[in-house]
Amino acid sequence: MIVGDILLSTKGLKSVNNCINIIHKWLFPPSCVLCGATGHPGLDLCPGCEADLARIDNPCPGCGMPLQASEHLLCGKCLQTPPPYRLTISPFYYEPPLIKLVTDFKFHHQLKLARIFAGILAGHLQDRARPEAIIPVPLHPRRLRERGYNQSQEIARLLGRQLAIPVDSRLCQRTRYTTPQTGLDAKQRHRNIRNAFGVTGQCKYEHVAILDDVITTGNTVTELARLLRKQGVDNIEIWSVARAVPD
Ligand SMILES: [Zn+2]
Ligand SMILES: [Zn+2]
């Protein structure tokens, strides 16, 4: 009886919570962080502003960069030097207004924006084979202390919940403090990030997705993917909200 009562009250509590959620959504519908209009359900971005984001058309499945007219299936770069990952999902160019959103998110503590990035990515990841884990690009402990949070981990947490994929933030660590890749030439970028990551414990995965907020040069995710390949991960995907076009 007591057990039954407890079950009943837990059930009752759940439905009360659901009702509160429904009323809350009705009273406070999501509003677009860019223009203030009503957002998509569960997303603080309206359809118009989402349509304004610079989408990468016809991307190379390998690196995510747009394929040239002469290229088919994979870009010349991926054909010549196959990357250590199988595919890249990075739907947008790193251009306004995304730059402002990412900057606010990353440097001005606007953590609620993680919901937009997770929502955008989830929309591009439906109906696909699920990786066993999402691995957010780790920050060095010093950078984590400076910023207070790992932006990739924040997106991964929400995305993992939406897609029902576990997030593994423990397997990989950033063992070397690196300067930001921006402003460095190609050689310096490569040297800057080399051996920047390490693995703790045994890696048991065959299929993972590395999540970075933005791919700038591609060196960071490549280095991390290389490390995971050495650990026996066969199938690696790269997920990010946007990517910059390397100069
Ligand atoms: Zn809007
Ligand atoms: Zn490519």
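Between segment 141-191 and segment 48-69, what's the alpha-carbon centroid distance in Å? With segment 141-191 and segment 48-69 each reduced to a Cα centre, they are spaced 23 Å. The dipole here belongs to segment 86-164: it is taken about the Cα centre, uses +1 on the Cβ of Lys and Arg and -1 on the Cβ of Asp and Glu, and is about 240 debye.
The largest accessible area among 100, 204 belongs to the first residue in 204, 100, and the rest follow in falling order (1.4 Å probe, all chains). Protection proxy ranking of 103-109, 176-182, 233-239, by the mean of other Cβ atoms within 10 Å over each peptide's residues and highest first, is 233-239, 103-109, 176-182. Other residues whose C-beta falls under 9 angstrom from the C-beta of residue 242 contribute a net charge of -1, scoring Lys and Arg +1 and Asp and Glu -1.
For the chain, the share of DSSP beta bridges that are antiparallel, to the nearest 5, is 25%. Neighbours of residue 119, meaning other residues whose beta-carbon lies under 11 angstrom from its beta-carbon, give a summed charge of -1 when Lys and Arg score +1 and Asp and Glu score -1. Once a ≥ b ≥ c are taken as the square roots of the eigenvalues of the Cα gyration tensor of segment 153-247, is the result rounded (a/c under 1.5), prolate (a/b larger than b/c) or oblate (a/b not larger than b/c)? Oblate, because a/c is 1.5 or more while a/b does not exceed b/c.
Peptides 112-122, 79-89 ranked from most to least packed, by the mean per-residue count of other Cβ atoms within 10 Å: 112-122, 79-89.
Stokes-Einstein, applied to the Kirkwood radius of the chain over Cα pairs at a viscosity of 0.692 mPa s and 37 °C, places its translational diffusion at 167 µm² s⁻¹. Against the chain, whose longest principal axis comes from its Cα atoms, helix 2-27 is set at around 70 degrees.
Dipole of segment 155-247 computed with +1 at Lys/Arg Cβ and -1 at Asp/Glu Cβ about the Cα centre; of 155, 195, 184, farthest Cα towards the positive end is 195. Charge dipole (Cα centre; +1 on Lys/Arg Cβ, -1 on Asp/Glu Cβ; no other charges) of the chain amounts to roughly 860 debye.
Look at the Cα gyration tensor of segment 190-244: its axes a ≥ b ≥ c give a/c of at least 1.5 with a/b at or below b/c, and that counts as oblate. Each helix, a run of at least 4 DSSP H residues, gives -39500 (n - 2.57); summed and divided by the residues of the chain, these come to -12000 deg cm²/dmol at 222 nm. Charge dipole of segment 159-247 (Cα centre as origin; +1 on each Lys and Arg Cβ, -1 on each Asp and Glu Cβ, all else neutral): 360 debye, rounded to the nearest 20.
Is the shape of segment 78-176 best called rounded, prolate or oblate, per the rule: a/c under 1.5 gives rounded, else a/b larger than b/c gives prolate, else oblate, with a ≥ b ≥ c the square roots of the Cα gyration tensor eigenvalues? Cα axes put segment 78-176 in the rounded bin. Toward the positive end of the charge dipole of segment 70-115, with +1 on the Cβ of Lys and Arg and -1 on the Cβ of Asp and Glu, the farthest Cα among 113, 92, 74 is that of 113.
The values are calculated or read from the model by the stated rules, or taken from the named source; none is laboratory data. The structure presented is a predicted model; accordingly, all values stated were derived computationally and were not measured. Note: ideal-geometry Cβ built from the backbone for every residue, glycine included; neighbour counts use all protein chains shown. Just the protein is used for accessible areas: all its heavy atoms, side chains included, with ligands, DNA and RNA removed. Shrake-Rupley method; radii C 1.70, N 1.55, O 1.52, S 1.80 Å.
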